[in-house]
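Asks: What follows is a structure written as structure tokens; I'll ask about it next.
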Ligand SMILES: Cc1cc2nc3c(=O)[nH]c(=O)nc-3n(C[C@H](O)[C@H](O)[C@H](O)COP(=O)(O)OP(=O)(O)OC[C@H]3O[C@@H](n4cnc5c(N)ncnc54)[C@H](O)[C@@H]3O)c2cc1C
């Protein structure tokens, strides 16, 4: 296996790492990767769509898994597919939507891989109805710290299975995954957009649609304040039978970093105002390509460069039902007060807990906000984190770059079970990452050079 020194970043470009990396082309090569690992440990890096440091291992080894992208088996009778971890949601969409099947939980970008979807137990715009990705996984083949390959499932080492779903790559290298696709897919969706005047209106609208529609997502104007706090647009969608696939329209690519001054509260406010007025007060319904509904930002290549060279943070949290209304209001008020120019915020509903010990979902509202990395923004994010923590909610690890180990422990009550599994399957902490060290998920790194 060839190892080279490279620099990697998370999608937010605020977390960076210099790593020794290899890029296996086949499963048999993946099986030899651990031979080249020293005391710096190893983590998998797939499509790099986690915003923070979940896939970064500064000073250690990294296995780049994108080339492991073969679909190995499919059973149209059950919808079960077996594939390598580097298969993307775009690959799944292109291969299976024409046959009437789709991923049961799709994150907001089709660039995400199946390995990344397992390791963060990702959710889509249909969590109420179909849960998160891990809910559809039958088994996972893992290359463990001692080099052995184990197939784990709810019946075969259920604790290791639960630690691997949402386990941010720390239980082993995922070699293959078997999961169920959803029938009834079509390349077209009927999308309804409704203008919503404030937060109460939003929550009432979600309560009306969440049991009756398959997909729903809310786009909130993150800068609106006062009576307009929480205004935005609610999108709901259903697949519709398609005579023919509509042409995919690709948007512009962002070839260079935007200068930091391009995004200020005035430009963002203008953008948000124009965007808010795109749907009439009465709402509108259109048939659109399903892919542009599921993956709206994929139309703009490298959109993370809009935030300039210093990058940005995304803050995504979930609040439990009893605290949700007050918690969301507090988060939006704090964001508005801080004037840190977040573009749009995304609001979704989640149906309940995931299967993983570190799965993010809980019932009921999840909110995601982007913050350009400017001075003082970390302090704002700490305040938002504490609002969430004090109300019994969670911050999503797939988006996180800043959470403290202490806050993490409070937010993820099944952490002791996760650590028990790690102590059994990887006592020396061979699988590690910047995130694992930051969140105290591993013993301190040894200074010895022996593997
Ligand atoms: C525009 C955008 C929209 C998004 N929308 C959503 C959303 O709606 N819902 C949601 O849940 N998430 C969302 N995300 C987050 C994204 O889905 C997750 O961060 C996902 O895990 C990224 O997958 P990846 O393939 O890029 O993996 P990476 O980011 O490269 O890695 C993620 C984790 O997976 C582990 N991993 C990857 N492959 C393997 C393997 N073979 N073996 C072991 N571990 C592995 C890595 O070590 C790391 O811990 C979004 C991200 C972006 C950029």
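Asks: So, residue 172, is that one closer than 28 Å to residue 371 by Cβ and within 16 Å of the ligand (Cβ to nearest atom) or not?
Replies: Numbers: closer than 28 Å to residue 371 by Cβ: no; within 16 Å of the ligand (Cβ to nearest atom): yes.
The answer is no for residue 172.
Asks: Identify, by number, the condition in (1) more than 16 Å from the ligand (Cβ to nearest atom); (2) touching a strand residue (DSSP E or B) at 6+ places or on another chain (Cβ under 8 Å); (3) assigned to a loop (DSSP other than H, G, I, E, B); (4) at pLDDT 95 or above that residue 413 doesn't meet.
Replies: So the condition that residue 413 fails would be (2).
Asks: In addition: Does residue 36 meet the test of being modelled with pLDDT under 95 and either outside the structural domain of residue 95 (by TED's automatic domain parsing) or over 26 Å from residue 315 (Cα atoms) (or both)? Full working, then the answer.
Replies: Working: modelled with pLDDT under 95: yes; either outside the structural domain of residue 95 (by TED's automatic domain parsing) or over 26 Å from residue 315 (Cα atoms) (or both): yes.
Answer is yes for this residue.
Asks: If you check 381, 422, which single one turns out to be outside the structural domain of residue 269 (by TED's automatic domain parsing), in a helix (DSSP H, G or I) and buried (at least 16 other Cβ atoms within 10 Å of the Cβ)? Walk me through it before giving the result.
Replies: Details: 381 fails: outside the structural domain of residue 269 (by TED's automatic domain parsing).
Selected residue: 422, the only one of 381, 422 that is outside the structural domain of residue 269 (by TED's automatic domain parsing), in a helix (DSSP H, G or I) and buried (at least 16 other Cβ atoms within 10 Å of the Cβ).
Asks: So in region 267-301, with the set limited to residues that are touching a strand residue (DSSP E or B) at 6+ places or on another chain (Cβ under 6 Å) and within 13 Å of the ligand (Cβ to nearest atom), which one is modelled with the highest pLDDT?
Replies: Among them, the one singled out is 293.
Asks: Additional query: Answer yes or no: is there a residue in region 336-343 that is at pLDDT below 95, under 21 Å from residue 229 (Cβ atoms) and within 16 Å of the ligand (Cβ to nearest atom). Steps first, please.
Replies: Restricting attention to region 336-343, the residues satisfying the condition of being at pLDDT below 95 are 336-343.
This time we only want the ones that are under 21 Å from residue 229 (Cβ atoms), so: 336-343.
Right, trim to within 16 Å of the ligand (Cβ to nearest atom) and you get 342-343.
Checked region 336-343: at least one residue is at pLDDT below 95, under 21 Å from residue 229 (Cβ atoms) and within 16 Å of the ligand (Cβ to nearest atom).
Asks: Okay, next question. Kindly list, by first and then second residue, each pair from a residue in region 19-37 that is closer than 14 Å to residue 2 by Cβ to a residue that is within 12 Å of the ligand (Cβ to nearest atom) and assigned to a helix (DSSP H, G or I), limited to pairs with Cβ atoms under 9 Å and residues at least 6 apart or on different chains.
Replies: 22/33; 24/30; 24/33
Asks: Out of curiosity, is residue 213 in a loop (DSSP other than H, G, I, E, B), touching a residue at least 12 places away in the same chain (Cβ under 8 Å) and away from the ligand (no atom under 11 Å from the Cβ)? Spell out how you get there, then give the answer.
Replies: Numbers: in a loop (DSSP other than H, G, I, E, B): yes; touching a residue at least 12 places away in the same chain (Cβ under 8 Å): yes; away from the ligand (no atom under 11 Å from the Cβ): yes.
Answer is yes for this residue.
Asks: Look at region 309-346 and say how many of its residues are surrounded by fewer than 20 Cβ atoms within 10 Å (Cβ to Cβ) and at positive phi.
Replies: Looking only at that region, the number is 1.
Asks: Which one of these is in contact (Cβ under 8 Å) with a residue 40 or more places away in the chain, touching a helix residue (DSSP H, G or I) at 6+ places or on another chain (Cβ under 8 Å), away from the ligand (no atom under 16 Å from the Cβ) and not in a helix (DSSP H, G or I): 185, 190?
Replies: On the way: 190 fails: touching a helix residue (DSSP H, G or I) at 6+ places or on another chain (Cβ under 8 Å).
Result of the check over 185, 190: 185.
Asks: Could you tell me which of the residues 9, 16 is within 25 Å of residue 122 (Cα to Cα), out of contact with any helix residue (DSSP H, G or I) (no Cβ under 8 Å at 6 or more places or on another chain), surrounded by fewer than 24 Cβ atoms within 10 Å (Cβ to Cβ) and touching a residue at least 60 places away in the same chain (Cβ under 8 Å)? Break it down stepwise before answering.
Replies: Working: 16 fails: touching a residue at least 60 places away in the same chain (Cβ under 8 Å).
Every option except 9 fails the conditions.
Asks: State yes or no: is residue 2 assigned to a loop (DSSP other than H, G, I, E, B) and either in contact with a helix residue (DSSP H, G or I) (Cβ under 7 Å, 6 or more places away or on another chain) or within 12 Å of the ligand (Cβ to nearest atom) (or both)? Please lay out each step first, then the result.
Replies: Working: assigned to a loop (DSSP other than H, G, I, E, B): yes; either in contact with a helix residue (DSSP H, G or I) (Cβ under 7 Å, 6 or more places away or on another chain) or within 12 Å of the ligand (Cβ to nearest atom) (or both): no.
No.
Asks: Against the condition modelled with pLDDT of 95 or more, within 13 Å of the ligand (Cβ to nearest atom) and more than 22 Å from residue 231 (Cβ to Cβ), how does residue 354 come out, does it pass? Working first, answer last.
Replies: Numbers: modelled with pLDDT of 95 or more: yes; within 13 Å of the ligand (Cβ to nearest atom): yes; more than 22 Å from residue 231 (Cβ to Cβ): yes.
Taking the combined requirement at face value, the residue satisfies it.
Asks: I'd like to check which strands (runs of 3 or more DSSP E) are fully inside region 38-156 and have at least 2 residues that are near the ligand (Cβ under 9 Å from one of its atoms) and either touching a residue at least 12 places away in the same chain (Cβ under 8 Å) or touching a helix residue (DSSP H, G or I) at 6+ places or on another chain (Cβ under 9 Å) (or both).
Replies: Details: elements: 42-45, 61-64, 71-75, 80-83, 101-103, 137-143, 149-152.
Answer list for region 38-156: 42-45, 61-64, 137-143.
Asks: Determine whether residue 28 is crowded, with 20+ Cβ neighbours inside 10 Å and more than 12 Å from the ligand (Cβ to nearest atom). Before the answer, list the steps.
Replies: Numbers: crowded, with 20+ Cβ neighbours inside 10 Å: no; more than 12 Å from the ligand (Cβ to nearest atom): yes.
For residue 28, the condition - crowded, with 20+ Cβ neighbours inside 10 Å and more than 12 Å from the ligand (Cβ to nearest atom) - is not met.
The values are calculated or read from the model by the stated rules, or taken from the named source; none is laboratory data. For clarity, every value in this text was computed on a predicted model and none was experimentally measured. Glycine also receives a Cβ, built like all others from the backbone with ideal geometry; neighbour counts cover every protein chain displayed.
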